[in-house]
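Taking it in order: structure first as structure tokens, then the write-up.
Derivation of every value follows stated rules applied to the coordinates shown; laboratory data play no part. In this text, all values refer to a predicted model and were calculated from it rather than measured experimentally. Glycine gets a Cβ as well: all are built from the backbone with ideal geometry, and neighbour counts include every protein chain shown.
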Amino acid sequence: MIQPHDRRIHADALRRQYRGNQWSRFKRQAGIMLSSVALGAVAAPYATLDQDRLDALTAWSVARAKLWLASGTFADAEVSVRIGGRTYPGRSARAVIAHPYYRQSVEIAYADARRGAGLAPAG
């Protein structure tokens, strides 16, 4: 025989299962949304910037990373700069970071990344 408390236990178990399923669906959909935003933020600058801007962005990023790693020392790190297909080694990392062309390249890449991250969920 089925007692009223049996129905309540069964209903509680069904509610717990439903909540668990909803939580799993939410995590999966949130993961898909976040991955599409990240993919859009990475793909948009890569698709819209020309090779010289990508080289400038790479040189700026490498210079920032080398200065971060060399923080606390007085030595200025050296980076290789690629302009027009030619590589120029031995440039000052601080000079590369301070140069307006490299800073402008980074700002353009950030703007494209924000635009790509915003448009990715629409896709």
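Just add up the charged neighbours of ALA59: K/R +1, D/E -1, any other residue whose Cβ is under 11 Å from the Cβ of ALA59. Residues near ALA59 contribute +3 overall.
Among residues other than ARG19 with Cβ under 14 Å from its Cβ, the summed charge is +3 (Lys and Arg +1, Asp and Glu -1).
Of TYR110, TYR102, TYR88, the residue with the greatest mean-square motion in the GNM of the chain, using alpha carbon springs below 10 Å, is TYR88.
Compute the helix-to-body angle for 4-48: its Cα long axis versus the longest principal axis of the chain, expressed 0 to 90° and rounded to tens. Roughly 20 degrees, rounded to the nearest 10. Rg over Rh for the chain works out to 1.40, both radii taken from alpha-carbon positions and Rh defined as the Kirkwood radius.
Each Lys and Arg Cβ is given +1 and each Asp and Glu Cβ -1; about its Cα centre, the range 32-103 then shows a dipole of about 120 debye. Our summary gives the range 4-119 a relative contact order of 33 percent, counting only alpha carbon pairs under 8 angstrom and 6 or more residues apart.
Taking the longest Cα principal axis of the chain as reference, the axis of helix 100-119 is set at about 20 degrees. Of the residues LEU34, SER61, GLY84, the one whose Cα sits farthest toward the positive end of the charge dipole of the range 1-121, with +1 on the Cβ of Lys and Arg and -1 on the Cβ of Asp and Glu, is LEU34. Per residue of the chain, the DSSP helices (runs of n ≥ 4 H) give a summed -39500 (n - 2.57) that works out to -25500 deg cm²/dmol at 222 nm. Could you point to the residue in PRO100, ALA47, GLN17 farthest towards the positive end of the range 4-119's charge dipole, with +1 and -1 charges on the Cβ of Lys/Arg and Asp/Glu respectively? Value: GLN17. For the chain, a simple Cβ point-charge model (Lys and Arg +1, Asp and Glu -1, everything else neutral) yields a dipole of about 640 debye relative to the Cα centre.
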